[in-house]
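Read-outs throughout are calculated quantities, based only on the coordinates presented, and are distinct from any laboratory measurement. Computed from a prediction, not measured in an experiment: that's the story for all the values here. Reconstructed Cβ throughout: ideal geometry from the backbone, glycine too, with neighbour counts over all protein chains shown.
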């Protein structure tokens, strides 16, 4: 496996996509009742749109990068460039995860719900995914891939 075939954008997209997928299984929210921890919720517990979709987009992008750059597979032509597709997928993932980070989850008078470390890791990974998509788009636009 020759990682020198991967550009900076490829490494960023693949790495952040894998981390985003893993972070979807980590605690995103914790709940406590009068100071006693009663449990936590991972990304899949808070809804498919908030975590599942971004996680699957990240995993799919990582798979596409790794299979095409390190393997022998060729991807079909899209109506848009692959850079635009990665940028769109990364931007959508970042939007959804960061919105969930900002909105949080509702508690009530009895149950207090706080954000957990998995949500912060997912937000960083989603932003890195969007950044990698932007770099890939810029590489394709300029015609000079960066290593």
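Radius of gyration (Cα atoms) of segment 9-83, expressed as a multiple of 2.2 N^0.38 Å: 1.48. By the helix-only formula, in which each DSSP H run with n ≥ 4 contributes -39500 (n - 2.57) and the sum is divided by residues, the chain has a 222 nm mean residue ellipticity of -19500 deg cm²/dmol. Placing a label point 7 Å from the Cα of residue 72 along the Cα-to-Cβ direction, the residues of segment 1-29 whose backbone N falls under 16 Å from that point are 1-2. In terms of overall dimensions, the chain has a Cα radius of gyration and Dmax of 17.4, 58 angstrom.
Over segment 13-55, one equal point on each Cα, no solvent: what is log10 I(q)/I(0) by the Debye formula at q = 0.16, 0.25, 0.35 Å⁻¹? Debye intensities relative to I(0), on a log10 scale: -0.46, -0.79, -1.11. Normalised by the number of residues in the chain, the average gap of Cα pairs under 8 Å and 6 or more apart makes the relative contact order 38 percent. Considering only 32, 45, 106, the Gaussian network model of the chain with Cα springs below 10 Å gives its largest mean-square fluctuation to 106. A Gaussian network model of the chain, with springs between Cα atoms under 10 Å, assigns the largest mean-square fluctuation among 107, 131, 35 to 35. Between 11, 112, 100, the residue with the greatest mean-square fluctuation in the GNM of the chain (Cα pairs under 10 Å linked by springs) is 112.
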